[in-house]
1. Report the full-extension gain for the segment SER42 to LEU14: residue separation times 0.36 nm, less the Cα-Cα distance, to one decimal in nm.
2. Taking 2.2 N^0.38 Å as the expected size of a compact globular protein, what ratio does the Cα radius of gyration of the chain give against it, to two decimals?
3. Once label points are set 7 Å from the Cα along Cα→Cβ at both ALA59 and GLU29, what is their separation, rounded to one decimal in nm?
4. On the protein heavy atoms, probe 1.4 angstrom, tell me the percent of accessible surface of the chain carried by carbon and sulfur.
5. Any idea of the accessible area per residue across the chain, 1.4 Å probe, to the nearest Å²?
6. Given contacts defined as C-alpha pairs under 8 Å and at least six residues apart, what's the relative contact order of the chain, whole-number percent?
Amino acid sequence: MVADAVGAQAKFELSVVALPGEDDEVVEEQGARVFLDPAAASLLEDKVLDASVEQNQVAFTLADQVEE
């Protein structure tokens, strides 16, 4: 996942790749692996990425982490 900061918002680009880039942070959770470029990793460190299938398409959402 790649991030570009635009003002107070960030724009993320998602692509499917076989291996992480040289500087990518690798996050593994519940059988899923996500590769984040350093800028995206910094912006998303306190977020949760969720995926769901809606009408035969995968939809991704970002939410704030809930402290337990």
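The values are calculated or read from the model by the stated rules, or taken from the named source; none is laboratory data. Treat the numbers as computed from the prediction; the structure is a model and nothing was measured. Neighbour counts are summed over all protein chains in view; Cβ atoms, including those assigned to glycine, are modelled from backbone coordinates with ideal geometry. The area values use the complete protein model at the heavy-atom level, side chains included, leaving out ligands, DNA and RNA. Shrake-Rupley method; radii C 1.70, N 1.55, O 1.52, S 1.80 Å.
1. 8.5 nm
2. 1.16
3. 1.9
4. Looking at the chain in its full context, I get 48 percent from C and S.
5. Value for the chain: 87 Å² per residue.
6. Relative contact order for the chain comes out at 24 percent.
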